[in-house]
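The values are calculated or read from the model by the stated rules, or taken from the named source; none is laboratory data. These numbers were taken from a predicted model, which means no experiment stands behind them. Cβ: placed from backbone, ideal geometry, glycine included. Neighbour counts: every protein chain shown.
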Amino acid sequence: MRFEILHTTDYRYDEPASEAYVEARLTPPSRLSQRIVAHDLTFHPAGPSSTYVDYFGNPTSFYSMVKRHDHLRVSSRLLVDTSPPRLPAGALDLTIGEARQILSSVGTDIFDYLRASPAVPTGGDATAWGRRWLRSDAKLYAALEALNGAIHREFRYEPGSTENSTPLAVIWKARAGVCQDFAHLMLSVLRTSGLPARYVCGYIETDPPKEGRRLTGAVATHAWVEVLVPGMDWVALDPTNDQWCGERHVAVSFGRDFSDATPLRGTFKGCSGQDMSVKVLMKRTA
């Protein structure tokens with residue numbers, strides 16, 4: 001499939017700001033399941049920018065504006081070809097116990113994806129869920145699929161019910177949230193059970209396709225989970241939509257949780273507030 005994606009973020013200030021600084025993780029990687037044909041990232045007003053690769057391997061652009069301005073727009077235009085991911089059948093046929101044992105030999109390389117992070121605590125409710133869905137004798141493929149489905153069934157997708165700062169403990173109790181919360185829940189269970197996993201921020205095609213089902217997600221970025229399996233392959237699951245990620249998913253950035261992979265982070269200098277609006281247009285062209 002080929003997609004054209006336009007991701008626009010607008011900041012409007014109540015009064016002109018004197019400075020602004022933005023960190024953007026909006027440059028998606030080319031992978032086996034996605035090929036970046038073209039990508040253009042622009043800031044308006046135009047200003048100096050630089051790029052670097054962050055700790056988690058995300059290409060990151062840093063923009064600074066030191067002149068007075070009353071609005072700021074960040075636009076990412078993307079043309080990408082996707083194909084169905086190839087799951088590592090041999091690794092997924094192992095048991096949870098076998099997978100943990102094999103991955104223990106590379107513990108220093110995957111440490112960040114096994115420990116708790118600011119938005120993804122381990123233990124607590126995740127312990128009982130791990131015992132139920134990620135038993136040591138369960139096959140990896142079936143167990144991951146079962147956990148993915150359990151989160152989809154037992155938690156309501158409810159836009160506006162949470163914020164980025166809502167603690168995971170509140171989500172466990174309310175049994176409702178959005179894609180970010182579902183990803184954090186799944187990460188907590190996986191890490192509590194000794195399976196390394198990371199947060200993925202990207203896009204999904206939410207328009208009704210000619211064939212197949214409509215995917216649930218906001219008209220903005222989407223979130224899902226990747227699990228590291230023996231052979232050092234990442235496999236992706238989308239608990240919001242109860243499926244393995246496919247060619248209608250486009251991955252952009254990765255990290256331990258939302259805070260590591262957030263598309264935009266920044267600050268401005270001024271004496272007023274701001275309003276932010278985000279819009280993503282994703283159109284299938286082939």
Can you tell me which residue among Ala24, Ala46 is touching a residue at least 24 places away in the same chain (Cβ under 8 Å) and outside the structural domain of Gly202 (by TED's automatic domain parsing)? Ala24
Is it true that some residue in the stretch 84-102 is free of Cβ contacts under 8 Å to residues at least 40 places away in the same chain and among the hydroxyl-bearing types (Ser, Thr, Tyr)? no
Working only within the stretch 67-109, note down all residues that are in a loop (DSSP other than H, G, I, E, B), farther than 30 Å from Gly270 by Cα and among the basic types (Lys, Arg). Arg86
Consider the stretch 4-52. How many of its residues are in contact with an Asp or Glu (Cβ under 7 Å, 6 or more places away or on another chain) and of a type in the set (Phe, Trp, Tyr)? 1
In the stretch 230-251, the residues that are within 24 Å of Lys283 (Cβ to Cβ) and surrounded by fewer than 18 Cβ atoms within 10 Å (Cβ to Cβ): Glu247
Answer yes or no: is there a residue in the stretch 155-168 that is under 30 Å from Pro16 (Cβ atoms), free of Cβ contacts under 8 Å to residues at least 12 places away in the same chain and of a type in the set (Asp, Glu). yes
Out of the residues in the stretch 47-66 meeting the condition of being part of a strand (DSSP E or B) and of a type in the set (Phe, Trp, Tyr), tell me which one is surrounded by the most Cβ atoms within 10 Å (Cβ to Cβ). Tyr63
Could you identify the single residue in Ala116, Ala24, Ala99 that is touching a Ser or Thr at 6+ places or on another chain (Cβ under 6 Å), within 30 Å of Tyr141 (Cβ to Cβ) and either surrounded by fewer than 19 Cβ atoms within 10 Å (Cβ to Cβ) or hydrophobic (A, V, I, L, M, F, W, C) (or both)? Ala116
Can you tell me how many residues within the stretch 252-286 are surrounded by fewer than 22 Cβ atoms within 10 Å (Cβ to Cβ) and assigned to a strand (DSSP E or B)? 18
Any idea which of Phe254, Phe258, Phe268 is among the aromatic types (Phe, Trp, Tyr) and touching a Lys or Arg at 6+ places or on another chain (Cβ under 9 Å)? Phe254
Examine the stretch 145-164 for a residue that is surrounded by 14 or more Cβ atoms within 10 Å (Cβ to Cβ) and within 30 Å of Asp14 (Cα to Cα), and state whether such a residue exists. yes
